[in-house]
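Written below as structure tokens is the structure these notes are about.
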There are 2 protein chains.
Amino acid sequence: MDHQLIFLKNNGLKRVWIDNLSPAIGNYALKKIVDTEFHLEVDIYADSIDEIEAVCHYKHVEDTQWCECPVTFLENDRWCAQFPLEKLGEYVFKIRAWINDFATWKTRFLKKYSVKEDYEIEVITGLHLLEHILPTNHSLHQKIKEIAHNKDAEKLLQLLESSVLKNLISKNYHPHYVTESEEKRIVVDRKRAQFSAWYELFPRSTHPHKKLTGTLSTLIAKLPSIKAMGFDVIYLPPIHPIGTKNRKGKNNAAEAMPNDPGSPWAIGNIEGGHTAIHPQLGTVDDFKNLVHACAKLDMEIALDFALQCSPDHPYLQDHPEWFKKRPDGTLQYAENPPKKYQDIYPFHFAAAQWPQMWDEFKAIIDYWVDLGVNIFRVDNPHTKPFIFWQWLIQSIKSKNPEVLFLAEAFTRPRPMYQLAKCGFSQSYTYFSWRNTKQEITEYLEELIAPPVCYFFRPNFWPNTPDILPEYLQKGGKMAHMIRLTLAATLSSNYGIYGPVFEHYEAEPLHEGSEEYLDSEKYEIKHWQNKEDSLEQYIGLINKIRHEHTAFHNTHLLQFLNTDNDQIISFCKSSEEDDNQIMVVINLDYQYKQSAMVTIDSTTDLPQQFKIKDLLNEAVYEWHQGLCYVELDPQKNQCAHIFQVIRDE
Amino acid sequence: MDHQLIFLKNNGLKRVWIDNLSPAIGNYALKKIVDTEFHLEVDIYADSIDEIEAVCHYKHVEDTQWCECPVTFLENDRWCAQFPLEKLGEYVFKIRAWINDFATWKTRFLKKYSVKEDYEIEVITGLHLLEHILPTNHSLHQKIKEIAHNKDAEKLLQLLESSVLKNLISKNYHPHYVTESEEKRIVVDRKRAQFSAWYELFPRSTHPHKKLTGTLSTLIAKLPSIKAMGFDVIYLPPIHPIGTKNRKGKNNAAEAMPNDPGSPWAIGNIEGGHTAIHPQLGTVDDFKNLVHACAKLDMEIALDFALQCSPDHPYLQDHPEWFKKRPDGTLQYAENPPKKYQDIYPFHFAAAQWPQMWDEFKAIIDYWVDLGVNIFRVDNPHTKPFIFWQWLIQSIKSKNPEVLFLAEAFTRPRPMYQLAKCGFSQSYTYFSWRNTKQEITEYLEELIAPPVCYFFRPNFWPNTPDILPEYLQKGGKMAHMIRLTLAATLSSNYGIYGPVFEHYEAEPLHEGSEEYLDSEKYEIKHWQNKEDSLEQYIGLINKIRHEHTAFHNTHLLQFLNTDNDQIISFCKSSEEDDNQIMVVINLDYQYKQSAMVTIDSTTDLPQQFKIKDLLNEAVYEWHQGLCYVELDPQKNQCAHIFQVIRDE
């Protein structure tokens, strides 16, 4: 008999089947937020018409004892359960189900007794089952004998109602065979994994005096203004020493001038590598001060984790075996055709010494975690093995579950989703290039649908130091407002690269390029306060986001039909309370656009309701059916953000 | 470090990921037909931009060697493969994929050489790779040294084109790490698993002379007329000795009269059990003759496999441990509330001796297979453990892959689908109760969609000895024609219970009952030839089914829009050739109905085309857009079965 047949025959008493658990993504961990309830549904069924009992066992991985919660019948073989996620870190859960002989007997007995047919033997059968459930010397045995003697169904029914017996029965089942589902995992993160507003800036550009280099200390001075805009996470490009060999000049020139500071992503020189701080930026103490200053403002630092080396990085001396030599002994610099990074060497992940390399990379993260950093924005994770990230993120989070990782992968859909499955807490997206109503709608529908919404937390960026989309180049201030509003209202996680963004500076390197002209990647900038900047608008948007829990998740989103392709509208709902928001945005940065928005019964809105525009406090009466909107860029309007007011 | 982290770290060189294999149904076997090609699609991707190579390994389980077929790139990380299914039985396959360093090098080299940039070092790199691929003493080593000396890209390109090298390269890859998918299974059946017309009849009712009991010999005499109707499978209710204790009388009377023959499903008496033949029906030799006579007509017998016992069955004496005793020592007869089967005892599948019981049940199947039976219709499989069927069907088919099993499970959807996953070749369905256009359309859309179509082969029955639907009771001959036409054209497997069906006798036991009055289950019938029977119509439908391969599968089905709820229309396509059929059926057995059928571009039909009604040879010109149809029951019309004629 072959292996499979032997396996089947060893499980001959298996009666109950457990299938189709939802949510689930194979063997990968689901992503949830702490202090929420986890809800699951599952198919549980057996042959015949016997009664099934099921429980869910769950625990935090560090707990030794399993907790148990009931699994209750919904309909048509579908069951559900829920349990609280009270701690950060990994939870595991599984479903256990079995035939409950006592419940099966009881159902049959009640059916027969209700028609007074052939029930006396069932009385005896039930009492037999009870005798096995009761402890040997239990006082009820005598009572059972009496009922059995008289085959007294009424007395039996009374007995079953007694709380003593109910308790005993619920704790003393004797299943022949318990079917157990696979163990499934949930990674429980802090809320910022799901709700965050990021601000990227170059610390070296934070000095108030022209021609001076910004430092971690001058960055601290900037924090209040960033806080005033309402951001939570301050993401810094690499703060490490920058290579001198093959250093890039202004506008990515292959050769640097003597004073060019180089790209921060060309990490490492004689002064240190991934655990060093660029001497011009400051010291470890300065960094600690920065972390502390952020914390006081309820913000936090996200560091860049870019696994690559400048030609001067100490690793090239200390671990030449981690780099792939060409036959002539030279190394190949990084390429992402047609882009060339002559100032950067990649690691060779297929090197024989990869285990030591993995440990070293983990040590880098550990170093910064020890200094108080709990968020890492990972540069180009899709050019390193997925399994490395799976190991790294799980290793870090098993000790420091508060740590979050944002994947900066701009590549094909499957690798991007795979990185999220491998553990990244948040992910960059294609949002930067989705401009039309149809593009935005289709992309969001994909992101909020299962299974993507189970593992992929989008983070929407209207711009980055690498991405100045054509829409921003052409549309000026209004285009920046529109894209910011879209990012901030569609996705609970979003970010901008500033101050270039709030200054809506958007000159490309050349026609057709997405690179900023005179990019901050290669030179030090000095940002002066700008009249008519977007700081106030951004501050208002972030304030609205904070105050309205409908913006604290991405997946409870429903698009509303509009009869104008320039007007996009959608409803957002809260996971936490009854907060409900309707957003209307004019995608046209030039002209006034109007539309009829369709409110239908699928929106869960009443027939009549009031809405308040959170941008200007205007109140309107709306209703199911068609409602009129207009937005005029000439009047500095790009959006309505309506709060639905249900009770007056 | 925990188990999962150790696992990840042990696989640090894994670069390629294999996901989302289609078709697939977890660990259950897919169902396919012999002499077809198996097509699969799968996601294969890696980090970075390295080139991936993938192959599919497949074999019949009994073969020792794996075969290999290429897996080729489609688009966007999706790949495909196909291989032939040439033998009955189980196939296994898996996907293997790895980074191909040589192909990666070649792509990079060609890209650089095309712009004549930095390519000389790539020439050397490629030659190094070649040297490792070549056997040590190969004559090409000298040539390689020469090219290397001159860094001659053109010569290298010529060398790569040489067939010697191409061969060596394709056979001598040195992958660091091969990613292998799970092994997946395919059960390959003969075509009758997918295309069959069943005829159920009671052998004891086949005697031409009234008051005499039919036998296996009188059944043989009936075979030509059944063949003339075009059926392939003759399904016999149990042919075993029938219990005498608690025997049922006419119309399920609790007490039988002395001459009542009893229900054939009350299996076993002193004359034998599941491997005995009822003495009134004949001998083992008669049975062999029947099997032989069927085979000569290219038909075959399907036996009923009903795992239950009459109170007289020898098992009750020989294996009392296989039955569940109540506290008073009695057995509980079978019940399916409100139905009571006092003449039947169920087996106790949770008995301690279940392994012996399983073996005995398998021995029953083996016995009949040895006598030439290759199809079993299994009675109420959903009241026995799924895992038993999984074991039994796999055990039988591993030695006798030609054997087919039809699941007679009328229960909730999930248990019905689970039985199919566990190995049943075909399944009864809810078709008998799906009457309206919407009901039929929704049900078929469910059955033909993945994953259901991967494992569930529907068998549509307008009636059975247990099911006389209200529609047939009320609608007479025309209703029978409509339901037969629906069953035979919608599903490639279908069956009827006759001769009651072709005689369209449809008197229920009482108003609201689905039982036949004077059911053949409890008495012997004598069917006389009936003028105006449906034999000819059935013969024509089955002839059309045989001649047109569009009817040889169920899943290539597309419903067409019609503007009348009484008119249903659908297109069927062939898996084997370009045969294409359009069916139009009037669901109203009383009144003439007409409709406009919408032919749109999704049907893959040309702008203009001819159609021929295979029921009456009439030819029409149709076109994309709206086409008119009418069907009049008064003119004995219930359907058009149009063959699409593409080239004239």
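The values are calculated or read from the model by the stated rules, or taken from the named source; none is laboratory data. In this text the structure is predicted, and so the values were computed from the model without any measurement. Here Cβ is always computed from backbone atoms with ideal geometry, including for glycine, and neighbour counts include all displayed protein chains. Side chains included, ligands, DNA and RNA excluded: accessible areas come from the protein's heavy atoms. Shrake-Rupley method; radii C 1.70, N 1.55, O 1.52, S 1.80 Å.
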Taking just the C-alpha trace of chain B, give me its Rg and Dmax in Å. 30.9, 106
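Taking R0 as 51 Å, what FRET efficiency do you get between residue A:325 and residue A:107 from their Cβ-Cβ distance, rounded to the nearest 0.05? If you can, show how the numbers build up before the last one.
Numbers: r = 74 Å, r/R0 = 1.45.
It comes out at approximately 0.10.
Taking a 1.4 Å probe, which of A:617, B:523 shows the most accessible area, and what order do the others take after it?
Numbers: A:617 115, B:523 25 Å².
Largest to smallest exposure gives the sequence A:617, B:523.
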Between the alpha carbon centres of region A:544-623 and region A:42-88 the gap in Å comes to 37 Å
Solvent-accessible area buried by pairing B with A, both sides, nearest 100 square angstrom, 1.4 angstrom probe: 5600 Å²
Amide H to amide H under 5 Å from residue A:36: which residues, 5+ apart in sequence or cross-chain, H placed 1.01 Å off N in plane? A:85
Specify the longest stretch of chain A that does not include any exposed loop site, a site being one of the trypsin sites (Lys or Arg not before Pro) with a non-H, G, I, E, B DSSP assignment and at most 11 other Cβ atoms within 10 Å. A:212-645
On C-alpha positions alone, give me the angle between the axis of helix A:101-114 and the longest principal axis of chain A, in degrees, nearest 10. 60 degrees
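So how much slack lies between residue B:255 and residue B:513, counting 0.36 nm per residue of separation and subtracting their Cα-Cα distance, in nm?
Working: separation 258, 0.36 × 258 = 92.88 nm, distance 2.06 nm.
Stretched out fully, the residue B:255 to residue B:513 stretch lengthens by 90.8 nm.
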Residue A:328 accessible area, assembled protein chains, probe 1.4 Å, Å²: 90 Å²
Sparse-neighbourhood loop sites, chymotrypsin sites (Phe, Trp or Tyr not before Pro) in region A:426-528 - DSSP loop, at most 16 other Cβ within 10 angstrom: A:430
How big is the shadow of the Cα convex hull of region A:340-391, averaged over all directions, in nm²? 4.6 nm²
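To the nearest 20 debye, what is the magnitude of the charge dipole of region A:354-438 about its Cα centre, counting +1 on the Cβ of each Lys and Arg and -1 on the Cβ of each Asp and Glu? Write down the numbers at each step before the final one.
Numbers: 10 positive and 7 negative charges, 121 e Å.
For this selection, approximately 580 debye.
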Hey, for residue A:209 with labels 7 Å out along Cα-Cβ, what do the inter-copy distances come to in nm, ordered shortest first? 12.7
If I ignore ligands, DNA and RNA and count only protein heavy atoms, how much of residue B:118 is accessible to a 1.4 Å probe, in Å² to the nearest 10? 70 Å²
Take the alpha-carbon centre of region B:491-534, take the same for region B:369-423, and report the distance between them in whole Å. 26 Å
Just to confirm the filter: which GluC sites (Glu not before Pro) across region B:255-303 are DSSP coil and have at most 12 other Cβ within 10 angstrom of their Cβ? B:255
Counting only residues 5 or more places away or on other chains, whose amide H sits under 5 Å from the amide H of residue B:336 once H atoms are built in the peptide plane? B:341
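Over chain B, give the accessible area per residue in Å² for a 1.4 Å probe, as an integer.
Working: 27240 Å² over 648 residues.
Using a 1.4 Å probe on heavy atoms only, each residue of chain B averages 42 Å².
Out of all DSSP beta bridges in region A:327-470, what portion is antiparallel? Express it as a percent rounded to 5. Walk me through the numbers on the way to the answer.
On the way: 4 of 13 bridges.
Roughly 30 percent of the beta bridges in region A:327-470 run antiparallel, per DSSP.
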Whose amide H sits under 5 Å from the amide H of residue B:493, counting only residues 5 or more places off or on another chain, with H placed in the peptide plane? B:196, B:460
Taking every DSSP beta bridge with both residues inside the protein assembly as shown, roughly what % is antiparallel (nearest 5)? 70 percent
Copies of residue B:228 compared via label points 7 Å along Cα→Cβ give distances in nm, shortest first, of 10.0
Going by alpha carbons, how many degrees (0 to 90, nearest 10) lie between the helix axis of B:284-296 and the longest principal axis of chain B? 60 degrees
Placing the label point 7 Å from Cα along the Cα-to-Cβ direction, what are the distances from residue B:413 to the equivalent spots in the other copies, shortest first, in nm to one decimal? 2.5
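With a Förster radius of 41 Å, plug the Cβ-Cβ distance of residue B:621 and residue B:445 into 1/(1 + (r/R0)^6) and report the FRET value to the nearest 0.05.
Working: r = 30 Å, r/R0 = 0.73.
With a Förster radius of 41 Å, E is 0.85.
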What is the minimum Cβ-to-axis distance for chain A, in whole Å, where the axis maps A onto B, and to which residue does it belong? A:26, 5
Once phi is turned into ³J(HN,Hα) by the Karplus curve 6.51 cos²θ - 1.76 cosθ + 1.60 with θ = phi - 60°, what whole-Hz value does each residue of region A:15-30 show in order, with x for glycine and proline? 10, 9, 10, 10, 9, 6, 5, 9, x, 7, 9, x, 8, 7, 7, 6
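Do the alpha carbons of any pairs in A:421/B:111; A:94/B:32; A:384/B:166; B:222/B:530; B:87/B:399; B:31/B:87 sit beyond 22 Å of each other, and which pairs? The partial results should precede the final answer.
Numbers: A:421/B:111 33 Å; A:94/B:32 34 Å; A:384/B:166 30 Å; B:222/B:530 15 Å; B:87/B:399 13 Å; B:31/B:87 13 Å.
Result: A:421/B:111; A:94/B:32; A:384/B:166 exceed 22 Å.
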Could you check how much of the accessible area of region A:587-648 is carbon and sulfur, as a whole percent, using a 1.4 Å probe? 44 percent
Residue list for region B:130-162, given a label point 7 angstrom along the Cα-to-Cβ vector of residue B:170 and an amide N cut-off under 16 Å: B:160-162
Selection from A:263, B:311, B:444, by position along the positive dipole direction of the protein assembly as shown (Cβ): B:311
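In the P(r) worked out for region B:457-578, what percent of Cα pairs fall beyond 20 Å?
Details: 3649 of 7381 pairs.
Value for region B:457-578: 49 percent of Cα pairs lie more than 20 Å apart.
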Return the sequence-ordered ³J(HN,Hα) values of region B:322-334 in whole Hz as given by the Karplus equation 6.51 cos²θ - 1.76 cosθ + 1.60 applied to θ = phi - 60°, using x for Gly and Pro. 8, 10, 8, 7, 7, x, 8, x, 7, 9, 8, 5, 5
Could you give the distance between the Cα centres of region B:110-173 and region A:317-360, to the whole Å? 23 Å
Convert each backbone phi in region A:616-625 into a coupling constant with the Karplus relation 6.51 cos²θ - 1.76 cosθ + 1.60 (shift: θ = phi - 60°), then list the ³J(HN,Hα) values in order as whole Hz, x for Gly and Pro. 9, 6, 5, 10, 10, 9, 10, 7, 5, x
Projected onto the charge dipole of region B:57-115 (+1 at Lys/Arg Cβ, -1 at Asp/Glu Cβ, origin at the Cα centre), which of B:64, B:80, B:99 gives the Cα projection farthest towards the positive end? B:99
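What GluC sites (Glu not before Pro) does region B:82-166 have in DSSP loop regions with at most 14 other beta carbons within 10 Å?
Numbers: sites: B:86, B:90, B:117, B:120, B:122, B:131, B:146, B:154, B:161; in loops: B:86, B:117.
Listed in order of number, the matching sites are B:86, B:117.
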